[in-house]
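The values are calculated or read from the model by the stated rules, or taken from the named source; none is laboratory data. As the structure is a computational prediction, the values presented were derived from the model and not from experiment. For neighbour counting, all protein chains shown are included, and Cβ atoms are generated from backbone atoms with ideal geometry for every residue, glycine included. Ligands, DNA and RNA are excluded from the accessible area calculation, which covers all protein heavy atoms including side chains. Shrake-Rupley method; radii C 1.70, N 1.55, O 1.52, S 1.80 Å.
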Amino acid sequence: MAETQVAATPRVRELSRYDFPDLHRLLSALSRDNPVPEGPTGEAILYEILAMPGTSLFGAECEGRIVATAMLSILPNLTYGGRPLARIENVVTLPDYRGRGFASAVMTAAIDKARAKNCADISLLSPKSFHAEGFYRKLGFKDDTVGLHLFIG
């Protein structure tokens, strides 16, 4: 692939059901060994995600397609004076577009929305095998909590 010039700030927007083909391609790159539902089944799941209150999918565009994404979920909460909590999942950039600011752009959009909604905290989990800790630290995330994972599927 020829190198493409990236604007100083990649164009980021909230995704819609019409973005399913690009989103499917992205999530399939993230979930190499775990299939992402295709066709009407996948589209129905995306519609369900988009209909969930407090959930936003962000995408960064380049060359007419979505090349990076992040999902933000804002959850009601009784602690922190009733301020909501946020969680970020499914942060992925297509391999040919990594290191060019697209992931930072979708993460910044998600963080900005969490701040605008007065969230007390943002959590995320990233598998150690992805070696993304430095990326998240540059965005201000700290490893001051224990993050554990129980795979139940």
Practice problem: Treating cross-link reach as a plain straight distance, find the aspartates and glutamates whose alpha-carbon is under 15 Å from the alpha-carbon of Lys113, omitting any fewer than eight places away in the same chain. | Solution: Glu14, Glu89, Asp121
Self-check item: Exposure of Phe151 as accessible area (Å², to 10), given a probe of 1.4 Å and all protein chains
Solution: 150
Practice problem: Return the loop-located trypsin sites (Lys or Arg not before Pro) in region 3-92 (DSSP other than H, G, I, E, B) with at most 14 other Cβ atoms within 10 Å of their own Cβ; answer none if there are none. | Solution: Arg32
Quiz prompt | Rounded to 10°, Cα long-axis angle of helix 39-51 versus longest principal axis of the chain | solution = 40
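So, with +1 on the Cβ of K and R and -1 on the Cβ of D and E, and no other charges, what is the size of the charge dipole of the chain about its Cα centre, to the nearest 20 debye?
440
Which number do you get for Rg(Cα) / (2.2 N^0.38 Å) in region 1-87? If you can, show how the numbers build up before the last one.
Working: Rg = 15.4 Å, N = 87, 2.2 N^0.38 = 12.0 Å.
That works out to 1.28 for region 1-87.
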Quiz prompt | Accessible area expressed per residue, the chain, with surrounding protein chains retained (probe 1.4 Å, Å²) | solution = 65
Quiz item: In degrees, nearest 10, range 0 to 90: what is the angle between the Cα axis of helix 20-30 and the longest Cα principal axis of the chain?
Solution: 70
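Using per-residue counts of other Cβ atoms within 10 Å, averaged over each peptide, order 98-109, 119-130 from highest down.
Going from most to least packed, we get 98-109, 119-130.
Rounded to the nearest 0.05, what FRET efficiency is calculated for Arg137 and Thr9 with R0 set to 22 Å and r the Cβ-Cβ distance?
Details: r = 21 Å, r/R0 = 0.97.
For Arg137 and Thr9, the calculated efficiency is 0.55.
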Quiz prompt | Share of carbon and sulfur in the accessible heavy-atom surface of region 56-153 [1.4 Å probe, %] | solution = 55
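Over the chain, what portion of Cα pair distances is larger than 18 Å, expressed as a whole percent? Please report the intermediate quantities before stating the final value.
Values: 7037 of 11628 pairs.
Summing the P(r) of the chain above 18 Å gives 61 percent of all pairs.
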